[in-house]
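The structure under discussion appears below in the form of C-alpha cells.
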Amino acid sequence: MFVVGLLPGRPGRISRGRLADPRSPLHPGRVYPSLNLGNLPDRDASRPLVITNLGGQVKIGPHDDGNYIWSMSGGSHWVLTGRYDPESQTGDASVPGHRCGDFAESRGMYGFLSDDAFDLDAPYLHMGLSISDISDMEIEFIEVTRSGFAASGC
C-alpha cells in the first residue's frame, strides 16, 4: 500500500502519482477552491494507491466562476478515503464521519468535504466530485453537499 496524504491547508496536487511539494507549509483552516488529482497511476490490486486526509479535514470548494470543484482522473486500484483508522494510518480522529454508526451527527465530520455552496456564479452548479478514465477504485468517507450533483464517474 502506498499512502498519499493531503494535509488541510497544504497547497499541493498529485502529478504522476506523487504529491507535489510535500514540504509546503501548513496553513490551518485553508479551503481548496478546487482540487485536481490527475494522471493517477495504474497500481496492482495487492498494492493500491491510498489517498487520505492527514491532520484534519480537507475542504474543497466553492470555486467561484471555476469550471470544476474536485476532479480525479486516471489510474486503477486506488482508494480515496476520509475514514479514520489508526491501524491503516488513514484519516484523522477529529473528523470520524459515521464511524461506529454515528450517522445522525456525521454531517460536516468527514475527512473530505466538497461544498459548492450552491455557487451560481459559474454558468452551472458543479459536481461535487468528477471522476474519469479510471478503473477499480474505491471511495469512502467523503461528504458532498450543496452541489448540482454528488459525483460522476466513468
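The values are calculated or read from the model by the stated rules, or taken from the named source; none is laboratory data. Predicted model only: the values in this text are computed from it and were never measured. Glycine also receives a Cβ, built like all others from the backbone with ideal geometry; neighbour counts cover every protein chain displayed.
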Of residues in the range 69-80 being surrounded by fewer than 23 Cβ atoms within 10 Å (Cβ to Cβ) and outside any loop (DSSP other than H, G, I, E, B), the one modelled with the lowest pLDDT: Ser71
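For every residue, the table says whether it meets (1) farther than 18 Å from Leu35 by Cβ; (2) surrounded by fewer than 20 Cβ atoms within 10 Å (Cβ to Cβ); (3) not small (Gly, Ala, Ser).
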site: Asn53; (1), (2), (3): no, no, yes
site: Arg83; (1), (2), (3): yes, no, yes
site: Gln89; (1), (2), (3): yes, yes, yes
site: Phe103; (1), (2), (3): yes, yes, yes
site: Ser132; (1), (2), (3): no, yes, no
Of all residues in the range 52-68 being in a loop (DSSP other than H, G, I, E, B) and closer than 12 Å to Ser94 by Cβ, the one that is farthest from the chain's Cα centre (by Cα): Gly55
Of all residues in the range 98-142 being part of a loop (DSSP other than H, G, I, E, B) and of a type in the set (Ser, Thr, Tyr), the one that is nearest to Pro62 (Cα to Cα): Tyr124
Members of the range 94-138 found to be more than 19 Å from Leu54 (Cα to Cα), within 14 Å of the chain's Cα centre (by Cα) and of a type in the set (S, T, N, Q), listed by number: Ser130
